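Chemist: Please read through the structure below; I'll follow up with questions.
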Amino acid sequence: MKFSAPRGTKDILPEEAARWQWLEAQFREQCRLYGFQEIRTPLFEETELFARSTGEETEIVTKQMYTFTDRGGRSLTLRPEGTPGVVRAYLQSGMADKGGVQRLFYFGPFFRYERPQAGRFRQFHQAGVEVFGTDGPQMDAEVIALLLDFLKSLGIEGAVLKINSTGCKVCREAYREALRKALAPVLDQLCEWCQERYKGNTLRILDEKRPSCRALFGDLPSILDYLDEGCKEHFAGLRAQLDLLKIPYEIDPKIVRGLDYYTRTVFEVSQPGIGAQDALGGGGRYDNMVEEFGGKPTPAVGWAAGVDRILGALFDQKKNKDVEEFLLQIRRHHAYSLSPKVFIVNIGLEARRYILPLLNALHNAQISAIDDPLGRSPKTQMKEAAQRNCRWAVIIGENESRQGIVKLHDMESGSESDINRDNLAQELRKRLAEEKKATTE
Ligand code: AMP
């Protein structure tokens, strides 16, 4: 083999793709219920877009972007996250000028040059939402509820919600000063990364995971003690809304998230026990980004969830229990089924003349069907029909061809009957309707 998929990327093969389709369908259904509409933005944007919003000093911008110069000399970057592109499109399309509240969702691949490990890839996929035009904490609670409902619809159990407030520019500046004061005595013992953060976006130091640094931190002040009245009220409002919805949560003042643009609410949903990378999704409010991109001041809130990781968690969780049954449930749903209903077993050259018209008639009658283009032995073809879990084998040999019939073989009961070739699709539709009726009765 000369080639393999680039490091940190993977192929999603048919068996797994069925799970992806199922997850995407659950996501779309929850978004529909909540009244969100889809937006699809380009996979690459001007580099400047991410530098200006995600943050010049963030790990994403300094180390993880796939940036290239195109033939026209422009610096472009494969999108490392969804929000900046959606904000750009919201402004560029004139959606922003309409006023009111816009509820958007997206689903697709994202790219970060990270050190690949379990649950961390260089091309990964996110399902995300963004809401523009409302600053009240009710929408924060609503998008959190949407995230949790989405996870619940997939059967994810035991996800933990953590919330925090990062305040506004004013309270964050006061907190930054307090943090710097508390860290100053140990500054020269901290690692290079922490020292850099100390100089710039000091709050990000709270993201530090190294135990050696964490031990030196001691009791750091909490941002929640530095919120001004407006931010305090907003955070209390969010908690009240979550209480009303009976959504359990933990308050974690250490959550700042790796992006620069958050204001007030930030949150994360994790799945303890799935390994070091246990964050399934997270998000928060970003009330300044639209204005910073040249729009009118417009509050906004959103989240992104990691699809690769959610599927990993789900199948990890189910592994020891009922994974087979669960997969079967997905597969049984005809939209994700890998099994065509009909396998056409053809014997001899004469029969092959009728295959394509037969397939065509079945497809037009909404019945999935394939044949064996290799014309192998009848036994091999029947074996394949069984392996593929087909509901019927339709056998057509020399005799059948001459008589204008086919042999309809029921793969479940083994019974066989002759059917007029022109009536096959109609007959199978009838049988499918009867089966459907029998299962719903
Ligand atoms: P973020 O955009 O960093 O807030 O990430 C949101 C979610 O996307 C995380 O909680 C993860 O589930 C997922 N995610 C982020 N980066 C990666 C990655 N490199 N590989 C897989 N999933 C990721």
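What follows is calculated from the coordinates using simple rules that are stated; it is not laboratory data. Since this is a predicted model, take the numbers as computed values, not measurements. For neighbour counting, all protein chains shown are included, and Cβ atoms are generated from backbone atoms with ideal geometry for every residue, glycine included.
Chemist: With unit charges on the beta carbons (Lys and Arg positive, Asp and Glu negative) and the dipole taken about the Cα centre of the chain, which residue among L220, N420, I163 sits farthest to the positive side?
Modeler: N420
Chemist: For every helix of n ≥ 4 consecutive DSSP H residues, a contribution of -39,500 (n - 2.57) applies; sum these over the chain, divide by its total residues, and give [θ] at 222 nm rounded to the nearest 500 deg cm²/dmol.
Modeler: Numbers: 15 runs with 176 residues, N = 441.
Per the formula, -12500 deg cm²/dmol.
Chemist: Going by average Cβ density within 10 Å per residue, which order do the peptides 114-125, 137-148, 69-80 take, highest to lowest?
Modeler: Sorting 114-125, 137-148, 69-80 by mean packing, highest first, produces 137-148, 114-125, 69-80.
Chemist: A further question on this structure: Take peptides 308-315, 332-339 and line them up by average Cβ neighbours within 10 Å, highest first, as a rough protection proxy. Display every interim value, and only then the final one.
Modeler: On the way: 308-315: 20.9, 332-339: 12.5.
Final packing ranking: 308-315, 332-339.
Chemist: Another question about this same structure. Highest first, please rank the peptides 220-226, 343-349 by the mean number of other Cβ atoms sitting within 10 Å of their residues. Could you put the intermediate results ahead of the total?
Modeler: On the way: 220-226: 17.7, 343-349: 21.1.
Final packing ranking: 343-349, 220-226.
Chemist: For K181, go through the lysines and keep the ones whose alpha-carbon is under 20 Å away, minus same-chain ones fewer than eight residues off.
Modeler: K169, K199, K254
Chemist: To continue, here is another question. Taking 8 Å as the Cα distance limit and 6 or more residues as the minimum spacing, I'd like the relative contact order of the range 48-110 as a percentage. It would help to have the intermediate numbers written out before the result.
Modeler: Numbers: 39 pairs, mean separation 15.5, N = 63.
So the answer I get is 25 percent.
Chemist: Could you give the length gained on full extension between I247 and K152, defined as 0.36 nm per residue of separation minus the Cα-Cα distance, in nm? Before the final figure, lay out each step's value.
Modeler: Numbers: separation 95, 0.36 × 95 = 34.20 nm, distance 1.24 nm.
Full extension of this stretch gives 33.0 nm more.
Chemist: Residues with amide H under 5 Å of I405's amide H, sequence separation 5 or more or different chain, H placed in the peptide plane at 1.01 Å from N; which?
Modeler: Those lying under 5 Å, H to H, from I405 are R421.
Chemist: Give me the dipole magnitude in Debye, nearest 20, for the chain about the Cα centre, with unit charges on the beta carbon: positive for Lys and Arg, negative for Asp and Glu. Kindly include the intermediate steps, with their values, before the conclusion.
Modeler: Working: 62 positive and 63 negative charges, 182 e Å.
With only Lys, Arg, Asp and Glu charged at Cβ, the dipole is about 880 debye.
Chemist: Right, next: Any chance you could give the angle, 0 to 90 degrees and rounded to 10, that helix 137-153 forms with the longest Cα principal axis of the chain?
Modeler: 30 degrees
Chemist: With each pseudo-label sitting 7 Å past Cα toward Cβ, what's the K436-L187 distance in nm, one decimal?
Modeler: A separation of 7.1 nm, rounded to one decimal place.
Chemist: Quick check on the exposure proxy: order C191, C31, C213 from fewest to most C-beta atoms within 10 angstrom. Walk me through the numbers on the way to the answer.
Modeler: Working: C191 13, C31 21, C213 18.
Listing C191, C31, C213 from fewest to most nearby Cβ atoms yields C191, C213, C31.
Chemist: If you don't mind, another one. Can you give the angle from 0 to 90° between the axis of helix 83-92 and the longest principal axis of the chain, with both taken from C-alpha atoms, to the nearest 10?
Modeler: 90 degrees
Chemist: Rounded to the nearest 0.05, what FRET efficiency do R352 and E412 have when you use their Cβ-Cβ distance and R0 = 30 Å?
Modeler: Numbers: r = 27 Å, r/R0 = 0.90.
Here the calculated transfer efficiency is 0.65.
Chemist: Additional query: Give me the net charge for the shell around A215: Cβ to Cβ below 14 angstrom, other residues only, Lys and Arg +1, Asp and Glu -1. If you can, show how the numbers build up before the last one.
Modeler: Details: positive: K209, R210, R214; negative: E208, D219.
The answer is +1.
Chemist: While we're looking at this one, here's another question. Rounding to the nearest 20 debye, state how big the charge dipole of the range 130-220 is about its Cα centre with +1 on each Lys and Arg Cβ and -1 on each Asp and Glu Cβ. Don't jump to the answer; show the numbers that get you there.
Modeler: Values: 13 positive and 14 negative charges, 82 e Å.
Dipole magnitude for the range 130-220 comes out near 400 debye.
Chemist: Shape verdict for the range 34-154, please, from the Cα gyration tensor: rounded (a/c under 1.5), prolate (a/b greater than b/c) or oblate.
Modeler: Details: a/c = 2.11, a/b = 1.32, b/c = 1.60.
Judged from the Cα gyration tensor, the range 34-154 comes out oblate (a/c at least 1.5, b/c at or above a/b).
Chemist: Further, regarding this structure: Once a ≥ b ≥ c are taken as the square roots of the eigenvalues of the Cα gyration tensor of the range 1-58, is the result rounded (a/c under 1.5), prolate (a/b larger than b/c) or oblate (a/b not larger than b/c)? Numbers along the way, then the final one.
Modeler: Numbers: a/c = 2.87, a/b = 1.05, b/c = 2.74.
Taking the square roots of the gyration eigenvalues as a ≥ b ≥ c, the range 1-58 is oblate.
Chemist: Among F121, L146, P299, whose Cα lies farthest out toward the positive end of the dipole of the chain, if unit charges sit on the beta carbon of Lys, Arg (+1) and Asp, Glu (-1)?
Modeler: The listed residue farthest towards the positive side: F121.
Chemist: Let me ask something additional. If the cut-off is 18 Å between C-alpha atoms, which lysines fall inside it for K437, apart from same-chain ones fewer than 8 positions away?
Modeler: K341
Chemist: Against the longest alpha carbon principal axis of the chain, how many degrees, from 0 to 90 and to the nearest 10, is the axis of helix 307-319 turned?
Modeler: Here the helix axis deviates by roughly 70 degrees.
Chemist: Charges only on Cβ, +1 for Lys and Arg, -1 for Asp and Glu: so what's the dipole of the range 70-124 about the Cα centre, in debye to the nearest 20? Spell out each step's value before the answer.
Modeler: Numbers: 10 positive and 4 negative charges, 32 e Å.
For the range 70-124, the charge dipole is close to 160 debye.
Chemist: What is the order of W392, W303, fewest Cβ neighbours within 10 Å to most?
Modeler: By the 10 Å Cβ count, ascending, the order reads W392, W303.
Chemist: Can I ask one more? What nm distance separates the two modelled labels at W20 and K383, each placed 7 Å from Cα along Cα→Cβ?
Modeler: The two pseudo-label positions are separated by 3.1 nm.
Chemist: Next up: Can you find, among L33, L245, N360, the residue farthest towards the positive end of the dipole of the chain? Put +1 on the C-beta of Lys and Arg, -1 on that of Asp and Glu.
Modeler: It is N360.
Chemist: If I take R0 = 30 Å and measure r between the Cβ atoms of E173 and A240 in this structure, what FRET efficiency does the formula 1/(1 + (r/R0)^6) give, to the nearest 0.05? Mind dumping the intermediate values first?
Modeler: Details: r = 27 Å, r/R0 = 0.90.
The calculated FRET efficiency here is 0.65.
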